[in-house]
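Student: Just dropping this structure here.
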Amino acid sequence: QWYQRRVRKQWYQRRVRVMAHPKTMLGGMFGENMSRFTHVNESGEIKFESVSPEVFKVVLGYYTDNVINVPYNMSMSEIKEACDFFLIPFNTTTVTSKNLASFMNELSNDGARRKFKAFLRENIVSVMAECAMKGERECHIVCLKEEDVVEWDPEYPPQIGDDQLSVVRNNELTKFLKYIENREVAKAVLGDKGLIKIRLGIEGFPTMKEKVKVKPRGGIQVSYYYVQRPFIAMSWEKEELRSRHVDFMNVPTCQVPQTSSTDEQPVPQNLNAVDEIELVEQVREGSGQQ
(Lines give C-alpha, C1' and ligand atoms only; values in the text may rest on other atoms or scores of the structure.)
Protein backbone atom coordinates (compact mmCIF):
# COMPACT_ATOMS: atom_id res chain seq x y z
CA GLN A 1 0.00 0.00 0.00
CA TRP A 2 2.83 2.42 0.76
CA TYR A 3 4.44 1.58 -2.57
CA GLN A 4 1.23 2.37 -4.45
CA ARG A 5 0.86 5.70 -2.70
CA ARG A 6 4.48 6.47 -3.37
CA VAL A 7 4.00 5.84 -7.06
CA ARG A 8 0.94 8.03 -7.13
CA LYS A 9 2.79 10.81 -5.36
CA GLN A 10 5.61 10.73 -7.85
CA TRP A 11 3.18 10.74 -10.77
CA TYR A 12 1.33 13.74 -9.29
CA GLN A 13 4.57 15.71 -8.89
CA ARG A 14 5.64 14.82 -12.42
CA ARG A 15 2.25 15.90 -13.76
CA VAL A 16 2.42 19.33 -12.11
CA ARG A 17 5.85 20.00 -13.60
CA VAL A 18 4.72 18.88 -17.05
CA MET A 19 1.80 21.31 -16.91
CA ALA A 20 4.26 24.07 -16.03
CA HIS A 21 5.37 23.92 -19.69
CA PRO A 22 2.06 24.25 -21.53
CA LYS A 23 3.68 25.03 -24.91
CA THR A 24 5.23 21.58 -25.09
CA MET A 25 3.26 18.55 -26.27
CA LEU A 26 3.22 16.89 -22.85
CA GLY A 27 2.09 20.11 -21.23
CA GLY A 28 -0.81 20.34 -23.66
CA MET A 29 -1.72 16.69 -23.26
CA PHE A 30 -2.06 16.88 -19.49
CA GLY A 31 -3.63 20.31 -19.42
CA GLU A 32 -7.25 21.37 -19.86
CA ASN A 33 -7.51 19.64 -23.27
CA MET A 34 -6.20 16.29 -22.03
CA SER A 35 -9.30 14.32 -23.04
CA ARG A 36 -9.25 15.80 -26.55
CA PHE A 37 -5.63 15.09 -27.51
CA THR A 38 -4.67 12.16 -25.26
CA HIS A 39 -5.47 8.53 -26.05
CA VAL A 40 -5.28 6.24 -23.02
CA ASN A 41 -5.28 2.47 -23.43
CA GLU A 42 -7.19 -0.06 -21.30
CA SER A 43 -4.43 -0.06 -18.67
CA GLY A 44 -4.54 3.72 -18.31
CA GLU A 45 -1.23 4.16 -20.13
CA ILE A 46 -0.13 6.53 -22.89
CA LYS A 47 2.37 5.09 -25.36
CA PHE A 48 4.83 6.95 -27.59
CA GLU A 49 6.03 4.61 -30.31
CA SER A 50 8.47 7.04 -31.94
CA VAL A 51 10.67 7.59 -28.85
CA SER A 52 12.72 4.92 -27.09
CA PRO A 53 12.38 4.53 -23.29
CA GLU A 54 16.02 5.55 -22.74
CA VAL A 55 15.61 8.78 -24.69
CA PHE A 56 12.24 9.51 -23.08
CA LYS A 57 13.75 9.17 -19.60
CA VAL A 58 16.45 11.70 -20.47
CA VAL A 59 13.98 14.12 -22.07
CA LEU A 60 11.82 14.10 -18.92
CA GLY A 61 14.69 15.93 -17.23
CA TYR A 62 13.37 19.07 -18.90
CA TYR A 63 10.24 18.86 -16.72
CA THR A 64 12.02 17.96 -13.48
CA ASP A 65 15.22 20.02 -13.71
CA ASN A 66 14.42 22.43 -16.60
CA VAL A 67 17.35 20.98 -18.53
CA ILE A 68 18.07 17.81 -20.50
CA ASN A 69 21.36 16.21 -19.45
CA VAL A 70 22.41 13.99 -22.34
CA PRO A 71 24.83 11.12 -21.52
CA TYR A 72 28.08 11.06 -23.48
CA ASN A 73 27.29 7.93 -25.49
CA MET A 74 23.66 8.75 -26.32
CA SER A 75 22.80 9.75 -29.88
CA MET A 76 22.34 13.49 -30.05
CA SER A 77 20.25 13.16 -33.22
CA GLU A 78 17.72 11.03 -31.29
CA ILE A 79 17.56 13.68 -28.59
CA LYS A 80 16.95 16.33 -31.25
CA GLU A 81 14.17 14.26 -32.83
CA ALA A 82 12.59 13.71 -29.41
CA CYS A 83 12.71 17.45 -28.68
CA ASP A 84 11.04 18.17 -32.00
CA PHE A 85 8.41 15.52 -31.25
CA PHE A 86 7.59 16.87 -27.78
CA LEU A 87 7.93 20.52 -28.90
CA ILE A 88 10.81 21.17 -26.50
CA PRO A 89 13.32 23.87 -27.50
CA PHE A 90 16.67 22.47 -28.52
CA ASN A 91 19.35 24.97 -27.53
CA THR A 92 22.12 25.58 -25.02
CA THR A 93 19.58 26.66 -22.39
CA THR A 94 17.52 23.47 -22.44
CA VAL A 95 20.16 20.86 -23.37
CA THR A 96 23.59 20.05 -21.94
CA SER A 97 25.96 17.25 -22.89
CA LYS A 98 29.47 16.11 -22.05
CA ASN A 99 29.93 15.28 -25.74
CA LEU A 100 30.20 18.89 -26.81
CA ALA A 101 31.25 18.09 -30.39
CA SER A 102 28.13 16.01 -31.00
CA PHE A 103 25.94 18.71 -29.46
CA MET A 104 27.49 21.45 -31.59
CA ASN A 105 27.19 19.32 -34.72
CA GLU A 106 23.47 18.82 -34.15
CA LEU A 107 23.02 22.54 -33.55
CA SER A 108 24.88 23.17 -36.82
CA ASN A 109 22.60 20.76 -38.68
CA ASP A 110 19.54 22.51 -37.31
CA GLY A 111 20.91 25.94 -38.19
CA ALA A 112 22.07 24.79 -41.64
CA ARG A 113 18.59 23.48 -42.41
CA ARG A 114 17.00 26.84 -41.63
CA LYS A 115 19.76 28.75 -43.42
CA PHE A 116 19.54 26.74 -46.64
CA LYS A 117 15.76 27.08 -46.74
CA ALA A 118 16.32 30.84 -46.74
CA PHE A 119 18.93 30.54 -49.53
CA LEU A 120 16.53 28.37 -51.50
CA ARG A 121 13.71 30.86 -51.18
CA GLU A 122 15.73 34.03 -51.81
CA ASN A 123 18.49 33.00 -54.25
CA ILE A 124 17.90 29.61 -55.86
CA VAL A 125 14.20 29.28 -56.73
CA SER A 126 14.31 32.30 -59.07
CA VAL A 127 17.20 30.76 -61.04
CA MET A 128 15.34 27.45 -61.26
CA ALA A 129 12.27 29.29 -62.54
CA GLU A 130 14.32 30.94 -65.30
CA CYS A 131 15.46 27.50 -66.49
CA ALA A 132 11.93 26.12 -66.26
CA MET A 133 10.50 28.95 -68.38
CA LYS A 134 13.01 28.04 -71.09
CA GLY A 135 11.61 24.52 -71.18
CA GLU A 136 14.44 22.97 -69.19
CA ARG A 137 13.76 20.12 -66.78
CA GLU A 138 16.95 20.43 -64.77
CA CYS A 139 19.27 23.09 -63.49
CA HIS A 140 23.01 23.32 -62.80
CA ILE A 141 23.87 26.28 -60.58
CA VAL A 142 27.41 27.45 -59.83
CA CYS A 143 27.79 29.57 -56.67
CA LEU A 144 30.36 32.30 -57.20
CA LYS A 145 31.69 34.93 -54.86
CA GLU A 146 30.48 38.46 -55.43
CA GLU A 147 34.02 39.61 -56.31
CA ASP A 148 34.68 36.84 -58.87
CA VAL A 149 35.36 38.26 -62.34
CA VAL A 150 34.18 36.18 -65.32
CA GLU A 151 35.43 37.22 -68.78
CA TRP A 152 34.99 34.62 -71.51
CA ASP A 153 36.27 35.10 -75.04
CA PRO A 154 33.15 35.07 -77.29
CA GLU A 155 35.11 33.44 -80.13
CA TYR A 156 36.83 30.84 -77.96
CA PRO A 157 34.60 30.13 -74.94
CA PRO A 158 35.64 27.45 -72.44
CA GLN A 159 34.49 23.86 -72.87
CA ILE A 160 31.84 23.35 -70.21
CA GLY A 161 30.02 20.32 -71.63
CA ASP A 162 26.34 20.05 -72.46
CA ASP A 163 25.05 21.50 -69.19
CA GLN A 164 23.54 24.97 -69.31
CA LEU A 165 25.22 26.63 -66.36
CA SER A 166 23.46 29.20 -64.21
CA VAL A 167 25.34 31.46 -61.84
CA VAL A 168 24.41 32.72 -58.38
CA ARG A 169 26.66 35.33 -56.78
CA ASN A 170 26.45 35.20 -53.00
CA ASN A 171 29.37 35.10 -50.59
CA GLU A 172 27.33 33.59 -47.75
CA LEU A 173 25.97 30.78 -49.93
CA THR A 174 29.46 30.04 -51.30
CA LYS A 175 30.87 29.82 -47.78
CA PHE A 176 27.90 27.75 -46.59
CA LEU A 177 28.34 25.08 -49.28
CA LYS A 178 32.06 24.57 -48.70
CA TYR A 179 31.23 22.27 -45.75
CA ILE A 180 30.40 18.66 -46.57
CA GLU A 181 27.84 18.44 -43.75
CA ASN A 182 26.04 21.54 -45.04
CA ARG A 183 25.85 20.05 -48.52
CA GLU A 184 24.32 16.88 -47.05
CA VAL A 185 21.72 18.98 -45.23
CA ALA A 186 21.01 20.94 -48.42
CA LYS A 187 20.59 17.71 -50.37
CA ALA A 188 18.07 16.46 -47.81
CA VAL A 189 16.11 19.72 -47.99
CA LEU A 190 15.97 19.57 -51.80
CA GLY A 191 14.88 15.94 -51.61
CA ASP A 192 12.05 16.89 -49.27
CA LYS A 193 10.91 19.39 -51.91
CA GLY A 194 10.41 16.57 -54.43
CA LEU A 195 13.50 17.22 -56.57
CA ILE A 196 15.49 14.33 -58.04
CA LYS A 197 18.99 13.68 -59.42
CA ILE A 198 20.42 16.03 -56.78
CA ARG A 199 24.17 16.63 -56.80
CA LEU A 200 26.21 19.05 -54.70
CA GLY A 201 29.96 19.44 -54.65
CA ILE A 202 32.96 21.56 -55.54
CA GLU A 203 34.12 21.95 -59.14
CA GLY A 204 36.41 24.12 -61.23
CA PHE A 205 34.76 27.05 -62.95
CA PRO A 206 36.51 28.99 -65.78
CA THR A 207 36.76 32.71 -65.17
CA MET A 208 39.31 34.38 -67.48
CA LYS A 209 41.72 33.49 -70.28
CA GLU A 210 45.06 32.39 -68.95
CA LYS A 211 47.00 31.96 -72.21
CA VAL A 212 46.51 31.63 -75.95
CA LYS A 213 48.56 29.07 -77.88
CA VAL A 214 48.85 28.80 -81.68
CA LYS A 215 49.04 25.19 -82.85
CA PRO A 216 51.83 24.24 -85.33
CA ARG A 217 49.30 22.99 -87.88
CA GLY A 218 46.97 25.91 -87.49
CA GLY A 219 44.27 26.74 -85.01
CA ILE A 220 44.26 28.40 -81.63
CA GLN A 221 44.12 26.78 -78.24
CA VAL A 222 42.82 28.96 -75.41
CA SER A 223 43.43 28.02 -71.77
CA TYR A 224 41.30 29.42 -68.98
CA TYR A 225 41.98 30.10 -65.34
CA TYR A 226 39.74 27.99 -63.06
CA VAL A 227 38.55 28.66 -59.52
CA GLN A 228 37.06 26.05 -57.20
CA ARG A 229 33.44 26.91 -56.43
CA PRO A 230 30.44 24.92 -55.11
CA PHE A 231 27.64 23.84 -57.41
CA ILE A 232 24.07 22.56 -57.08
CA ALA A 233 22.44 20.35 -59.73
CA MET A 234 18.89 19.02 -59.58
CA SER A 235 16.00 17.94 -61.78
CA TRP A 236 12.22 18.15 -61.60
CA GLU A 237 11.47 15.88 -64.55
CA LYS A 238 8.34 13.77 -63.89
CA GLU A 239 8.72 11.26 -66.75
CA GLU A 240 12.38 10.48 -66.04
CA LEU A 241 11.67 6.86 -65.15
CA ARG A 242 9.68 6.10 -68.29
CA SER A 243 11.45 3.90 -70.86
CA ARG A 244 12.73 5.83 -73.87
CA HIS A 245 13.78 2.94 -76.14
CA VAL A 246 11.89 0.74 -78.53
CA ASP A 247 11.48 -2.83 -77.33
CA PHE A 248 12.44 -5.34 -80.03
CA MET A 249 11.84 -8.38 -77.85
CA ASN A 250 8.40 -9.04 -79.40
CA VAL A 251 9.49 -8.71 -83.03
CA PRO A 252 8.86 -12.07 -84.76
CA THR A 253 11.88 -13.69 -86.27
CA CYS A 254 12.01 -15.88 -89.37
CA GLN A 255 14.37 -18.72 -89.93
CA VAL A 256 16.49 -18.34 -93.03
CA PRO A 257 16.48 -21.45 -95.25
CA GLN A 258 19.87 -22.99 -95.63
CA THR A 259 21.40 -23.35 -99.09
CA SER A 260 24.14 -25.52 -100.42
CA SER A 261 25.43 -22.95 -102.86
CA THR A 262 29.04 -22.12 -102.23
CA ASP A 263 28.67 -18.66 -103.79
CA GLU A 264 26.39 -17.33 -101.06
CA GLN A 265 27.73 -15.97 -97.79
CA PRO A 266 27.15 -17.94 -94.60
CA VAL A 267 24.42 -16.70 -92.28
CA PRO A 268 25.91 -14.86 -89.29
CA GLN A 269 24.97 -16.05 -85.84
CA ASN A 270 23.80 -14.19 -82.72
CA LEU A 271 21.73 -11.63 -84.59
CA ASN A 272 19.38 -9.24 -82.87
CA ALA A 273 15.85 -8.53 -84.06
CA VAL A 274 16.78 -5.67 -86.42
CA ASP A 275 19.60 -7.62 -88.07
CA GLU A 276 17.35 -10.64 -88.59
CA ILE A 277 14.63 -8.55 -90.27
CA GLU A 278 17.18 -6.98 -92.64
CA LEU A 279 18.62 -10.40 -93.42
CA VAL A 280 15.17 -11.84 -94.22
CA GLU A 281 14.50 -8.95 -96.59
CA GLN A 282 17.78 -9.62 -98.39
CA VAL A 283 16.92 -13.32 -98.76
CA ARG A 284 13.47 -12.49 -100.13
CA GLU A 285 14.95 -10.11 -102.68
CA GLY A 286 17.46 -12.79 -103.73
CA SER A 287 14.68 -15.34 -104.12
CA GLY A 288 12.71 -12.94 -106.30
CA GLN A 289 15.61 -12.38 -108.66
CA GLN A 290 16.01 -16.14 -109.10
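Student: State the number of residues belonging to the stretch 213-231 that are open to solvent by 50 Å² or more (accessible area, probe 1.4 Å) and either over 26 Å from K145 (Cα atoms) or out of contact with any strand residue (DSSP E or B) (no Cβ under 8 Å at 6 or more places or on another chain) (or both).
Tutor: So the first thing to find is which residues in the stretch 213-231 are open to solvent by 50 Å² or more (accessible area, probe 1.4 Å), and the list is 213-217, 220-221, 225-226, 228.
Filter again for either over 26 Å from K145 (Cα atoms) or out of contact with any strand residue (DSSP E or B) (no Cβ under 8 Å at 6 or more places or on another chain) (or both), leaving 213-217, 220-221.
Looking only at that region, the number is 7.
Student: Still on this structure, I have one more. Kindly list the number of the only condition in (1) closer than 30 Å to D84 by Cα; (2) open to solvent by 50 Å² or more (accessible area, probe 1.4 Å); (3) touching a helix residue (DSSP H, G or I) at 6+ places or on another chain (Cβ under 9 Å) that fails for N123.
Tutor: Tallying (1) closer than 30 Å to D84 by Cα; (2) open to solvent by 50 Å² or more (accessible area, probe 1.4 Å); (3) touching a helix residue (DSSP H, G or I) at 6+ places or on another chain (Cβ under 9 Å), N123 fails exactly one: (2).
Student: Please work out if F119 is outside any loop (DSSP other than H, G, I, E, B), over 23 Å from L190 (Cβ atoms) and not charged (D, E, K, R).
Tutor: Spelling it out, it is not the case that F119 is outside any loop (DSSP other than H, G, I, E, B), over 23 Å from L190 (Cβ atoms) and not charged (D, E, K, R).
Student: Please verify whether K187 is part of a loop (DSSP other than H, G, I, E, B), surrounded by 12 or more Cβ atoms within 10 Å (Cβ to Cβ), out of contact with any Ser or Thr (no Cβ under 8 Å at 6 or more places or on another chain) and not small (G, A, S), treating the condition exactly as stated.
Tutor: In short, no.
Student: If I ask for residues that are open to solvent by 40 Å² or more (accessible area, probe 1.4 Å) and touching a helix residue (DSSP H, G or I) at 6+ places or on another chain (Cβ under 8 Å), which ones from the stretch 53-67 would you list? Can you show your working first?
Tutor: First, the residues of the stretch 53-67 that are open to solvent by 40 Å² or more (accessible area, probe 1.4 Å): 53-54, 56-57, 64-66.
Those that are open to solvent by 40 Å² or more (accessible area, probe 1.4 Å) and touching a helix residue (DSSP H, G or I) at 6+ places or on another chain (Cβ under 8 Å): F56, T64.
Student: While we're here: Only one of A118, A82, A132 is open to solvent by 30 Å² or more (accessible area, probe 1.4 Å) and of a type in the set (A, V, I, L, M); which?
Tutor: None of the other options fit; the residue is A132.
Student: Please go through the stretch 135-160 and pick out each residue that is charged (D, E, K, R), more than 14 Å from Y226 (Cα to Cα), open to solvent by 60 Å² or more (accessible area, probe 1.4 Å) and in a loop (DSSP other than H, G, I, E, B). Break it down stepwise before answering.
Tutor: Of all residues in the stretch 135-160, those charged (D, E, K, R) come to 136-138, 145-148, 151, 153, 155.
Now narrow it down to the ones that are more than 14 Å from Y226 (Cα to Cα): 136-138, 146-147, 153, 155.
Then keep just the ones that are open to solvent by 60 Å² or more (accessible area, probe 1.4 Å); that gives 136-138, 146-147, 155.
Of everything in the stretch 135-160, those that are charged (D, E, K, R), more than 14 Å from Y226 (Cα to Cα), open to solvent by 60 Å² or more (accessible area, probe 1.4 Å) and in a loop (DSSP other than H, G, I, E, B) turn out to be E136, R137, E146, E147, E155.
The values are calculated or read from the model by the stated rules, or taken from the named source; none is laboratory data. Being a predicted model, the structure only gives us computed values, none of them experimental. Here Cβ is always computed from backbone atoms with ideal geometry, including for glycine, and neighbour counts include all displayed protein chains. Just the protein is used for accessible areas: all its heavy atoms, side chains included, with ligands, DNA and RNA removed. Shrake-Rupley method; radii C 1.70, N 1.55, O 1.52, S 1.80 Å.
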